[in-house]
Amino acid sequence: MTRYFSKDALRTAFRNKFKRWVPVVEAEKGDVNTAMERFRSSTYMPINVDPKFSISRDSSVFTIGSCFARNVENSLTDSGVDVITTKFNFDAALLQSSLGAMKNVPNPRSLLNKYSTQAIHSELERVLGKTNPKDRGFLEVEEGKWVDPQLAAILQPLPFETLSDLRDTVEDLVGKVLDADIIFITLGLTETWFDTISGLFLNSSPPPRLMKSAGERFEFINSTYDQSFSAIDKSIEMIRSKSNKDVKFILTVSPVPMSTTWSSQDVVVANTYSKSLLRVVAQKLADTHDYIDYFPSFEMVTNSPRGLAWQDDELHVRPDMVKFVVSHFIAKYVV
């Protein structure tokens with residue numbers, strides 16, 4: 001909780017040049033720092049940021065989270081920052097050729113996407129905590145063909161050994177989180193699935209054929225604040241307890257909406273719940289720890305004009321919008 005006396009509130013407001021949504025006094029008319037004027041500019045939305053800490057350009061960065069994390073990786077790398085997760089590579093022939101009705105072509109590194117806080121924690125727990133679930137947590141979807149529900153659902157069903165080799169590659173990369181100076185975590189969704197047999201939270205919904213035949217094996221969970229907070233808090237503390245570095249964390253909320261909701265709500269309502277809850281989780285963690293900061297990429301994208309921010313599918317963020325966000329981040333944090 002942020003709490004202070006009235007004289008401190010006045011002092012804080014006086015120093016905050018970005019406190020107004022609209023002008024309140026005559027002298028503020030035309031002030032480009034008001035939210036009104038920033039919206040009226042019809043360009044990318046700049047958001048004021050006061051970083052808690054700075055990042056040296058030779059720092060190593062590890063990104064965790066949803067597909068927006070992959071966008072951030074590309075722009076950080078283009079700016080000369082060492083991003084460990086960009087070194088992930090595997091045979092792209094193992095990917096599905098396209099995804100969904102929009103026929104999106106998957107980016108190989110999208111295999112690393114983690115959409116819920118529970119999926120993030122499950123991945124770190126199995127690698128840093130060295131747990132070994134039955135059948136490595138894989139699901140057999142047809143005879144001799146398996147999927148790894150801890151990974152993003154962009155792979156073809158594969159033979160067990162092929163998938164196991166790929167799982168080894170992923171876990172080798174995840175272990176390198178301990179080499180990072182900065183961990184960039186993008187929170188995605190509150191909706192998740194739990195496998196009652198493996199004891200793992202899944203990163204994606206179970207394959208449809210198994211959802212029909214598996215009885216009560218899989219549970220859909222729309223996470224509460226406490227559940228989401230606990231998962232990401234434990235993830236951060238696990239990394240800190242095993243890292244030999246003075247590691248810092250940047251939290252963001254992905255602006256990319258859920259493509260489908262498993263709740264009974266309109267997907268727009270379900271997405272708003274998800275993003276709002278995760279935004280509060282990120283703020284609470286940032287308010288509590290000096291080694292965690294929140295960066296408002298969510299606000300920058302969602303408050304920019306839709307034509308500038310979003311691709312034609314109204315789901316993915318345009319590359320130039322991402323570049324604007326990351327350049328803003330670098331200007332504020334990187335020295």
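The values are calculated or read from the model by the stated rules, or taken from the named source; none is laboratory data. Only a predicted model underlies this, so the values are computations on that prediction, with no experimental measurement involved. Here the Cβ positions follow ideal geometry from the backbone for every residue, glycine too, while neighbour counts run over all protein chains shown.
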Query raised in the report: Hey, does segment 17-34 have a residue that's of a type outside the set (Lys, Arg), touching a Phe, Trp or Tyr at 6+ places or on another chain (Cβ under 6 Å) and at pLDDT below 95?
Result: yes
Query raised in the report: So, in segment 1-49, of the ones that are assigned to a loop (DSSP other than H, G, I, E, B) and among the polar types (S, T, N, Q), which residue ends up surrounded by the fewest Cβ atoms within 10 Å (Cβ to Cβ)?
Result: Thr2
Report summary line: Given (1) under 25 Å from His289 (Cβ atoms); (2) in contact (Cβ under 8 Å) with a residue 12 or more places away in the chain; (3) not in a helix (DSSP H, G or I), Thr85 misses just (3)
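So if I check each of Thr63, Thr77, which one is part of a strand (DSSP E or B), under 22 Å from Ile183 (Cβ atoms) and either of a type in the set (S, T, N, Q) or modelled with pLDDT under 80 (or both)? Don't jump to the end; show me each part of the working.
Details: Thr77 fails: part of a strand (DSSP E or B).
Among Thr63, Thr77, only Thr63 is part of a strand (DSSP E or B), under 22 Å from Ile183 (Cβ atoms) and either of a type in the set (S, T, N, Q) or modelled with pLDDT under 80 (or both).
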Query raised in the report: What tally of residues in segment 127-137 results from selecting those that are surrounded by 15 or more Cβ atoms within 10 Å (Cβ to Cβ) and touching a Lys or Arg at 6+ places or on another chain (Cβ under 9 Å)?
Result: 4
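Residue-by-condition table, conditions (1) buried (at least 18 other Cβ atoms within 10 Å of the Cβ); (2) touching a helix residue (DSSP H, G or I) at 6+ places or on another chain (Cβ under 9 Å):
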site	(1), (2)
Gln265	no, yes
Ala270	yes, no
Ala286	yes, no
Val322	yes, yes
Lys332	no, no
Query - Residue match in segment 295-317 (condition: farther than 20 Å from Tyr115 by Cβ and β-branched (Val, Ile, Thr)) - result: no
Query raised in the report: In segment 213-222, is there at least one residue being at pLDDT 95 or above, closer than 22 Å to Asn71 by Cα and not aromatic (Phe, Trp, Tyr)?
Result: no
Report summary line: Sole miss for Ser75 among (1) more than 25 Å from Tyr291 (Cβ to Cβ); (2) among the small types (Gly, Ala, Ser); (3) buried (at least 18 other Cβ atoms within 10 Å of the Cβ) is condition (1)
Query raised in the report: What number of residues within segment 291-335 satisfy the criterion of being in contact (Cβ under 8 Å) with a residue 60 or more places away in the chain and charged (D, E, K, R)?
Result: 5
Query - Ile154 being closer than 30 Å to Ser276 by Cβ and of a type in the set (A, V, I, L, M) - result: yes
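May I ask you to verify whether Val105 is crowded, with 22+ Cβ neighbours inside 10 Å, modelled with pLDDT under 85 and out of contact with any Lys or Arg (no Cβ under 9 Å at 6 or more places or on another chain)?
On the way: crowded, with 22+ Cβ neighbours inside 10 Å: no; modelled with pLDDT under 85: yes; out of contact with any Lys or Arg (no Cβ under 9 Å at 6 or more places or on another chain): yes.
Taking the combined requirement at face value, the residue does not satisfy it.
Mind checking which helices (runs of 4 or more DSSP H) fall wholly inside segment 227-335 and carry at least 2 residues that are out of contact with any Pro (no Cβ under 9 Å at 6 or more places or on another chain) and not aromatic (Phe, Trp, Tyr)?
Once the helices (runs of 4 or more DSSP H) in segment 227-335 are filtered for at least 2 residues that are out of contact with any Pro (no Cβ under 9 Å at 6 or more places or on another chain) and not aromatic (Phe, Trp, Tyr), what remains is 267-288, 306-309, 319-333.
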Query raised in the report: Taking segment 199-226 as the region of interest, how many residues are within 16 Å of Leu124 (Cβ to Cβ) and in contact with a helix residue (DSSP H, G or I) (Cβ under 8 Å, 6 or more places away or on another chain)?
Result: 4
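Are any residues in segment 65-97 touching a Lys or Arg at 6+ places or on another chain (Cβ under 6 Å) and of a type outside the set (D, E, K, R), and if so, which ones?
Taking segment 65-97 as the starting set, the residues that turn out to be touching a Lys or Arg at 6+ places or on another chain (Cβ under 6 Å) are 65, 70, 75, 84, 88.
Of everything in segment 65-97, those that are touching a Lys or Arg at 6+ places or on another chain (Cβ under 6 Å) and of a type outside the set (D, E, K, R) turn out to be Gly65, Ser75, Ile84, Phe88.
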Query raised in the report: Hey, among the residues in segment 30-74 that are under 30 Å from Thr190 (Cα atoms) and among the acidic types (Asp, Glu), which one's nearest to the chain's Cα centre (by Cα)?
Result: Glu73
Requested in this report: Of the conditions (1) surrounded by 16 or more Cβ atoms within 10 Å (Cβ to Cβ); (2) out of contact with any Lys or Arg (no Cβ under 7 Å at 6 or more places or on another chain); (3) not in a loop (DSSP other than H, G, I, E, B), Glu140 clears all except one; give me its number.
Outcome: (1)
Query raised in the report: Do we find a residue being within 23 Å of Gly175 (Cβ to Cβ) and either loosely packed, with under 15 Cβ neighbours inside 10 Å or of a type in the set (D, E, K, R) (or both) anywhere in segment 63-71?
Result: yes
